[in-house]
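Please read the structure below before turning to the comments.
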Amino acid sequence: MDFKTALFYILSAILVIAALRVVTARNPVHAVLFLVLAFFNASGLWLLLQAEFLAIALIVVYVGAVMVLFLFVVMMLDINLERLRQGFWGNLWLGGPIAVLMVVEMVAVLSARSFGPEAMPAPAAAVAGVSNTKALGTAIYTDYVYPFELASVILLVALIAAVVLNLRQRRDNKQLNPAEQIAVRRKDRVRIVSMPSEKE
Amino acid sequence: MENAVLQFFQWFWNLFGLWDALWAVVKPVWPLVWVLMKIVAIILPLMLSVAYLTFWERKIIGWMQVRIGPNRVGPWGLLQPIADGMKLFFKEVLVPTGANKALFFVGPVMAIAPALAAWSVVPFFDGGALANIDAGLFYVLAMTSMGIYGVIIAGWASNSKYPFLGAMRASAQMVSYEIAMGMALVCVLMVSNSLNLSDIVRAQGRGWFADHGAGFLSWNWIPLLPMFVVYFISGVAETNRAPFDVVEGESEIVAGHMVEFSGMAFAMFFLAEYANMILVATLTSVLFLGGWLSPVGFLPDGFHWLAVKISFFLFLFLWFRATFPRYRYDQIMRLGWKVFVPLTLVWIVVIGTWMVTPWNIFK
């Protein structure tokens with residue numbers, strides 16, 4: 001077993017354990033932190049596949065931004081696990097078959113027939129001197145430019161929709177105008193009153 | 001370099017006649033040993049710089065406030081940081097009763113680990129980076145974005161109100177300024193056509209001015225002046241330094257996420273903060289001020305130029321702290337989202353347009 005294979009098994013083992021702990025952890029904050037660990041290990045696996053741009057993008061986007069906001073929200077929530085767990089097993093009749101169905105589907109798709117070494121031969125080794133980032137950029141902005149632009153427009157629409165959905169004009173909203181604050185001069189705020197001294 | 005070090009070891013151990021026996025053991029793991037030696041060669045000076053940065057900070061703020069600053073321990077107070085370090089080292093690490101024990105100690109580790117990991121791609125001189133990787137700039141961005149977990153985890157695990165408020169403030173502030181920072185870096189990678197930090201420095205050594213012996217006019221800071229300013233200010237905000245230090249604002253929330261920490265656990269946060277300051281100063285020098293390049297043609301390039309540039313930016317950090325009052329929270333958010341992000345977006349378009357016109361200077 002060479003070094004890369006050993007690294008693959010270590011990263012995968014941590015990834016699987018972390019992913020399991022995400023759903024089994026009692027504390028929601030722990031669950032989020034295990035999810036962060038899972039993302040980190042997944043990015044390590046991508047690095048082993050020489051996809052360094054995607055691996056680092058996973059860390060920047062998910063670990064560095066998305067999960068931080070997740071953590072932020074989860075920490076603020078007052079989650080009572082006892083109440084959440086009430087009637088948990090009552091949903092088994094619905095959840096159980098769905099879980100079985102998903103496992104069957106995953107096995108069907110990811111089995112050796114469609115994902116084995118024969119169906120998916122190793123890609124040709126990357127040419128030295130061609131950067132991963134550059135190759136990805138070229139592909140996105142030439143061959144796949146329309147799907148890429150479409151995806152970005154959809155994201156923009158979602159972004160605006162999220163803002164609009166939360167936009168409510170509040171009457172008691174107090175606003176500051178920074179330009180006004182900066183433009184303030186001494187004479188607007190201070191009045192010098194001259195008083196004769198009150199000596200006897 | 002590697003051969004010279006090997007030769008030195010060979011000479012040294014041959015004095016005792018032990019070289020052959022030693023090399024038989026070390027040879028299979030030599031690449032690992034060599035990398036470890038390089039890591040130590042980066043971390044040790046970094047830790048020393050952190051120690052003396054705290055000293056320098058206290059001295060400079062002292063002089064700016066017409067005081068003397070630390071002058072009791074050693075000649076001119078020069079041993080003060082060592083004494084401080086010893087004191088922190090021997091102090092007891094207290095764990096609050098209601099704290100989450102495991103995460104309480106994960107917090108400081110998560111603060112310092114990314115602060116050190118980011119150094120692996122920084123080029124100190126031509127070819128002088130621990131890992132000369134293609135996506136270096138992106139890697140630095142990823143590592144600095146990880147640093148926030150230290151603050152959040154520490155704030156939450158302390159199970160105390162001030163640390164929690166500090167963690168909340170930190171997560172909002174650091175995520176906001178990361179966006180402006182990333183956008184500013186997009187401009188840099190556009191003009192240098194590379195994500196490799198060494199290539200970014202080399203790209204700044206080309207141009208009409210560099211050919212005529214005035215290299216400092218060819219560096220990125222002139223065509224990217226707004227981005228240079230945005231990047232450095234975002235860097236100050238990212239490291240939670242004054243005037244953006246609401247995360248640990250003494251007058252409001254005592255020391256934010258660090259309130260419950262003592263001894264070495266506290267020292268870890270301290271080390272991380274100063275290591276991050278040096279990192280931001282280094283990156284600003286590398287990305288905008290030409291890294292190891294000499295400003296004028298008749299002087300040789302080298303690490304000393306990078307050191308001068310880093311010192312300049314570190315001085316700015318300290319100068320800001322002595323000069324500006326702390327920003328209010330809504331002002332921080334406004335500056336990040338309503339000023340920096342639109343400015344960077346506009347400048348990306350400006351640079352993009354510039355690069356397709358015949359006046360493109362970035363070739």
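At a glance:
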{"quantity": "Note, ³J(HN,Hα) from phi for region B:221-229, Karplus 6.51, -1.76, 1.60, rounded to Hz, x at Gly and Pro", "calculated": "5, 7, x, 10, 3, x, 5, 4, 5"}
{"quantity": "Whole-percent carbon and sulfur share, accessible surface of region B:134-220, 1.4 Å", "calculated": "62 percent"}
{"quantity": "Solvent-accessible area buried by B and A, counting both chains, probe 1.4 angstrom, square angstrom", "calculated": "2200 Å²"}
{"quantity": "Convex hull volume of chain A per residue (C-alpha atoms, cubic angstrom)", "calculated": "377 Å³"}
{"quantity": "Stretchable slack from A:F115 to A:L155, in nm (0.36 nm times residue separation minus alpha-carbon distance)", "calculated": "11.3 nm"}
{"quantity": "Mean residue ellipticity (222 nm) of chain B, computed from DSSP H runs ≥ 4 via -39,500 (n - 2.57), nearest 500", "calculated": "-21000 deg cm²/dmol"}
{"quantity": "0 to 90° range, to nearest 10: angle between helix A:92-110 axis and chain A longest Cα axis", "calculated": "60 degrees"}
{"quantity": "Shielding score for A:56-66, defined as the mean number of other chain Cβ atoms within 10 Å", "calculated": "6"}
{"quantity": "Longest DSSP-loop-exposure-free segment, chymotrypsin sites (Phe, Trp or Tyr not before Pro), chain B, at most 13 other Cβ within 10 Å", "calculated": "B:17-297"}
{"quantity": "Surface per residue (accessible, 1.4 Å probe) for region B:59-119, Å²", "calculated": "60 Å²"}
{"quantity": "Global geometry of the protein assembly as shown, whether rounded, prolate or oblate, following the gyration tensor of its Cα atoms and the 1.5 cut on a/c", "calculated": "rounded"}
{"quantity": "Table column - 3J(HN,Hα) (Hz), region B:345-357, Karplus curve with 6.51, -1.76, 1.60, x for Gly and Pro", "calculated": "4, 5, 5, 4, 5, 4, 5, x, 5, 4, 6, 9, 7"}
{"quantity": "Cα-based convex hull volume of region B:210-352 per residue, rounded to whole Å³", "calculated": "121 Å³"}
{"quantity": "Which of B:S294, B:S262, B:T323, positive extreme of dipole for region B:213-363 (C-beta unit charges)", "calculated": "B:S294"}
{"quantity": "Selected from B:I153, B:I68, B:I43 as most flexible by GNM, with chain B as the system and alpha-carbon contacts under 10 Å", "calculated": "B:I68"}
{"quantity": "20 Å Cα-Cα reach of B:K38 towards aspartates and glutamates, excluding residues that sit fewer than 8 places from it in its own chain", "calculated": "B:E2, B:D126, B:D134"}
{"quantity": "Residue among A:V22, B:L306, B:T239 farthest towards the positive dipole end of the protein assembly as shown, charges placed on Cβ", "calculated": "B:T239"}
{"quantity": "Region A:48-103: chymotrypsin sites (Phe, Trp or Tyr not before Pro) in DSSP coil with no more than 11 other Cβ atoms inside 10 Å", "calculated": "A:F88"}
{"quantity": "A:R170 versus A:L69: modelled label distance in nm, points set 7 Å from Cα along the beta carbon direction", "calculated": "1.9 nm"}
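The values are calculated or read from the model by the stated rules, or taken from the named source; none is laboratory data. On a predicted model such as this, the values are computed, not experimentally measured, just so you know. Positions of Cβ are backbone-derived with ideal geometry, glycine not excepted, and every protein chain shown enters the neighbour counts. Accessible surface areas use protein heavy atoms only, side chains included; no ligands, DNA or RNA. Shrake-Rupley method; radii C 1.70, N 1.55, O 1.52, S 1.80 Å.
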